[in-house]
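First comes the structure, then the notes that go with it.
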Amino acid sequence: MDQRDTDTLTAGSAEVVSASFDRTADPRLRRILVSLVEHLHGFVSEVGLTESEWATAIRFLTDTGKTCTDTRQEFILLSDVLGVSMLVETINNPSGGGLTSSTVEGPFHLVDSPPRELGAAISEDGQGEPCLVSGRVTDPDGRAVPGATVDVWQADAHGFYDVQQPGMYQEGTLRGLFRTGDDGEYWFRSVVPRFYPVPVDGPVGALLRATSRHPYRPAHIHLQVDAPGMRTVTTHVFVDHTPYLASDAVFGVKEDLVREFPVVDDAARAARVGLHNPFRAVRFDVVLAAEPAGPASAVG
Ligand code: BEZ
Ligand code: FE
């Protein structure tokens with residue numbers, strides 16, 4: 001841009017601000033900043049943002065930062081409820097071709113899951129509806145992946161994670177790190193989780209209230225599955241028919257991740273797997289992409 005061009009532009013216009021990044025050494029950084037400026041300016045112009053609205057936005061972002069601690073990330077929650085976490089996640093992870101879809105990791109994968117033997121119970125007895133969770137980890141050709149790690153974490157039957165109720169459970173309850181057998185199978189005993197609200201006592205909660213949005217996530221179990229030579233998938237299995245399946249506060253539901261958790265009334269099987277009869281059961285097979293994976297398929 002020469003001097004004459006610059007003079008004809010409004011001071012502080014998107015073009016002038018974008019040009020200020022012309023000497024950025026890192027081309028990717030330049031591209032991101034230029035596009036950010038263009039979209040931000042476009043947004044401000046489009047809605048005709050008032051000074052008082054801009055001051056409110058600055059206050060909101062300041063409060064969001066102040067709400068963050070070592071164990072709470074209000075900016076991630078903001079990104080979650082605006083659908084940005086899911087967008088970033090979707091454009092960066094392969095999908096289709098039978099691969100297991102990924103979804104948001106969420107803020108409750110804070111602590112390491114305890115390594116457990118296949119079949120172990122991750123919940124405490126008598127705390128909810130007993131549930132058998134099992135599945136097989138395979139590659140895209142259906143070959144078993146032995147020795148895959150299956151890291152699981154979930155809310156309890158009341159919709160709370162262990163870290164939200166310090167002292168209530170033994171450490172590692174509702175979490176487990178399993179390793180698939182030679183047949184690629186994993187299984188563990190748990191309880192059916194309940195739907196729950198994302199944290200609403202901060203600025204993001206205020207945003208949800210101001211927009212008459214509910215804060216709930218449908219009931220789900222988190223899984224992060226990893227194996228040498230394969231691409232890690234961070235995902236959930238959602239309980240079919242749970243409330244909020246069609247209106248997840250963080251937009252994390254993908255249809256292929258929803259499963260029935262039918263009631264099994266079979267005393268012999270219950271005894272074999274070590275659960276009270278009747279129990280619920282879900283099967284969730286996981287198909288991992290081989291590494292290195294190409295770029296994610298198109299969004300949407
Ligand atoms: C979760 O599923 O744990 C979660 C995800 C996003 C925001 C809050 C919670
Ligand atoms: Fe969750």
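Quick check, is residue 33 touching a helix residue (DSSP H, G or I) at 6+ places or on another chain (Cβ under 9 Å), more than 20 Å from residue 207 (Cβ to Cβ) and surrounded by 12 or more Cβ atoms within 10 Å (Cβ to Cβ)? Judged against the criteria, residue 33 is a match. When residue 223 is tested against (1) hydrophobic (A, V, I, L, M, F, W, C); (2) touching a Ser or Thr at 6+ places or on another chain (Cβ under 7 Å); (3) not in a strand (DSSP E or B), only condition (3) is not met.
Check segment 135-147 and report whether any residue there is assigned to a loop (DSSP other than H, G, I, E, B) and either closer than 24 Å to residue 193 by Cα or within 16 Å of ligand 2 (Cβ to nearest atom) (or both).
First pass over segment 135-147, keeping only residues assigned to a loop (DSSP other than H, G, I, E, B): 139-143, 145-147.
Among the residues that remain, those that are also either closer than 24 Å to residue 193 by Cα or within 16 Å of ligand 2 (Cβ to nearest atom) (or both) are: none.
Among the residues of segment 135-147, not one is assigned to a loop (DSSP other than H, G, I, E, B) and either closer than 24 Å to residue 193 by Cα or within 16 Å of ligand 2 (Cβ to nearest atom) (or both), which makes the answer no.
Those residues that are small (Gly, Ala, Ser), more than 17 Å from the chain's Cα centre (by Cα), surrounded by 14 or more Cβ atoms within 10 Å (Cβ to Cβ) and in a loop (DSSP other than H, G, I, E, B), I need them from segment 99-134; list them, please. Talk me through it step by step, then tell me what you get.
The first filter runs over segment 99-134 and keeps only residues small (Gly, Ala, Ser), leaving 101-102, 106, 113, 119-121, 123, 126, 128, 134.
Then keep just the ones that are more than 17 Å from the chain's Cα centre (by Cα); that gives 119-121, 123, 126, 128, 134.
Checking which are surrounded by 14 or more Cβ atoms within 10 Å (Cβ to Cβ) leaves us with 119-121, 123, 128, 134.
Those that are small (Gly, Ala, Ser), more than 17 Å from the chain's Cα centre (by Cα), surrounded by 14 or more Cβ atoms within 10 Å (Cβ to Cβ) and in a loop (DSSP other than H, G, I, E, B): 119, 120, 123, 128.
One line per residue, one yes/no per condition, for (1) surrounded by 16 or more Cβ atoms within 10 Å (Cβ to Cβ); (2) at pLDDT below 95; (3) not aromatic (Phe, Trp, Tyr):
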{"residue": "143", "(1), (2), (3)": "no, no, yes"}
{"residue": "147", "(1), (2), (3)": "no, no, yes"}
{"residue": "167", "(1), (2), (3)": "no, yes, yes"}
{"residue": "194", "(1), (2), (3)": "yes, no, yes"}
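Residues are listed down the side, and each one gets a yes or a no for (1) part of a loop (DSSP other than H, G, I, E, B); (2) more than 11 Å from ligand 2 (Cβ to nearest atom); (3) surrounded by fewer than 18 Cβ atoms within 10 Å (Cβ to Cβ):
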{"site": "214", "(1), (2), (3)": "yes, yes, yes"}
{"site": "238", "(1), (2), (3)": "no, no, no"}
{"site": "241", "(1), (2), (3)": "yes, yes, yes"}
{"site": "250", "(1), (2), (3)": "yes, no, no"}
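Could you go through segment 234-241 and let me know if any residue there is more than 22 Å from residue 132 (Cα to Cα), of a type outside the set (Asp, Glu) and in the same structural domain as residue 137 (by TED's automatic domain parsing). For segment 234-241, residues more than 22 Å from residue 132 (Cα to Cα), of a type outside the set (Asp, Glu) and in the same structural domain as residue 137 (by TED's automatic domain parsing): absent.
The values are calculated or read from the model by the stated rules, or taken from the named source; none is laboratory data. These numbers were taken from a predicted model, which means no experiment stands behind them. Ideal geometry is used to build each Cβ from the backbone, glycine not excepted, and the neighbour counts take in all protein chains shown.
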